Amino acid sequence: MEITVLAYQQDAHKKYLWVKDKALASYTTDDIEILIATMDREDLSFLERIFSLPVNQIRQPILIVNQSKTRQLSSNIDFIRVINDANYGLSRSRNIALENASRKYVWILDDDVQVLPTAMTHILQAIYKHPNAAALTFKMQLPDGNPKRSYAAEEFEYRKTHLSHGPASIEIVLNVERLQTSGVHFNQRFGLGAQFPLGEEQVLFTDLLHAGEQARFIPEFIVQHDEVSSGIDPTSKKTIYARGAVAAHSNQIKAIFLNFKYVFFLWRKGYVKNWSKLIEAYWLFDHGVEDYATGFEGHRNLHLDL
């Protein structure tokens, strides 16, 4: 059934989604918990930029994982929970949050984004339409309202062919029950602070599809991120090494072909023109494949810049 948002009703801080031909939707914003990974925080003021509200006016359930060896974060607000973790790693932070989630659905956010005013409307519509999906992904925009990157114009269900780069974590809403049933979680060998410092979202979605779970893309904006970004340098040794590991995670045999494809990409785009650098890129990718397959960090330990 096509869902049309008619209005929001505020009642004891609960926002209900009204839909055509149905008095009340099955899901409310109380069914969605926002999981935020952050580091070295001592107060909640950073939430004001994310939600464009004073902290004491935020009503959305939030779980913050603050990774720090020296600083402790706390909350005296009912809707906001905090877990302090003395270790580092983005995928580790995500998994801690998922293990302690208190709602049916979770939206994964970072501490440098802004939630768009219509975000919860779009998320609730998608949940209502696809209640059995393990993951829903959306779009992010720049401050000028333009898309952060190129997106499909229409909704689609993820297949392996869609996972060449994967969605950004801040675009992802997860069905906690489906993740618990499938046993899928973030692979802690991937992501910032891990052996392979990127690709955690692509690996997560690969594992979801392998487990027979459904993931869908919804062409609606839910979050804003500044244009200035650390980004990913396709020529950096860390990136090439990690790309090899991501390829091996998906298919170790196919990773051999993808190695040649990635090196050709670097040459075709003009990122690397020196023949010796292309050979080095080939071996870095291969080392990522091998280290992922063996569970070893031998090649990484030989390169101090990995």
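The values are calculated or read from the model by the stated rules, or taken from the named source; none is laboratory data. Predicted model only: the values in this text are computed from it and were never measured. Note: ideal-geometry Cβ built from the backbone for every residue, glycine included; neighbour counts use all protein chains shown. With ligands, DNA and RNA removed, areas are computed over all heavy atoms of the protein, side chains included. Shrake-Rupley method; radii C 1.70, N 1.55, O 1.52, S 1.80 Å.
For segment 96-109, the candidate set comprises residues that are more than 18 Å from Y27 (Cβ to Cβ) and not β-branched (V, I, T); within that set, the residue that is surrounded by the fewest Cβ atoms within 10 Å (Cβ to Cβ) is E99. Out of segment 219-238, which residues are surrounded by fewer than 21 Cβ atoms within 10 Å (Cβ to Cβ) and not in a loop (DSSP other than H, G, I, E, B)? Selection gives P219, E220, F221, Q224, H225, K237, K238. Quick check on my filter: what residues within segment 140-181 are over 20 Å from F51 (Cα atoms), of a type in the set (G, A, S) and open to solvent by less than 70 Å² (accessible area, probe 1.4 Å)? If the condition is that a residue be over 20 Å from F51 (Cα atoms), of a type in the set (G, A, S) and open to solvent by less than 70 Å² (accessible area, probe 1.4 Å), then A152, G166 are the ones that fit. Quick check on my filter: what residues within segment 110-139 are closer than 24 Å to E154 by Cα and open to solvent by less than 10 Å² (accessible area, probe 1.4 Å)? Listed by number, the residues that qualify are A119, I123, L124, A126, I127, A133, A134, A135, L136, T137, F138. Looking only at segment 197-214, decide whether some residue is touching a Phe, Trp or Tyr at 6+ places or on another chain (Cβ under 6 Å), buried (at least 20 other Cβ atoms within 10 Å of the Cβ) and either hydroxyl-bearing (S, T, Y) or in a strand (DSSP E or B) (or both). Checked segment 197-214: no residue is touching a Phe, Trp or Tyr at 6+ places or on another chain (Cβ under 6 Å), buried (at least 20 other Cβ atoms within 10 Å of the Cβ) and either hydroxyl-bearing (S, T, Y) or in a strand (DSSP E or B) (or both). Just one of (1) in a helix (DSSP H, G or I); (2) under 30 Å from R49 (Cα atoms); (3) without any contact (Cβ under 8 Å) to a residue 24 or more places away in the chain fails for F260. It is (2). For beta carbons closer than 8 Å, sequence separation of 6+ or different chains, a first residue in segment 63-82 that is over 21 Å from Y105 (Cβ atoms) and a second that is open to solvent by less than 40 Å² (accessible area, probe 1.4 Å) and among the acidic types (D, E), the qualifying pairs are N66/D85; Q67/D85; S68/D85. Elements of the type helices (runs of 4 or more DSSP H) sitting completely within segment 77-189 and holding at least 2 residues that are touching a strand residue (DSSP E or B) at 6+ places or on another chain (Cβ under 7 Å) and closer than 30 Å to G295 by Cα: these cover 90-99. Here Y292 meets the list (1) touching a helix residue (DSSP H, G or I) at 6+ places or on another chain (Cβ under 6 Å); (2) open to solvent by less than 30 Å² (accessible area, probe 1.4 Å) almost entirely, failing just condition (2).
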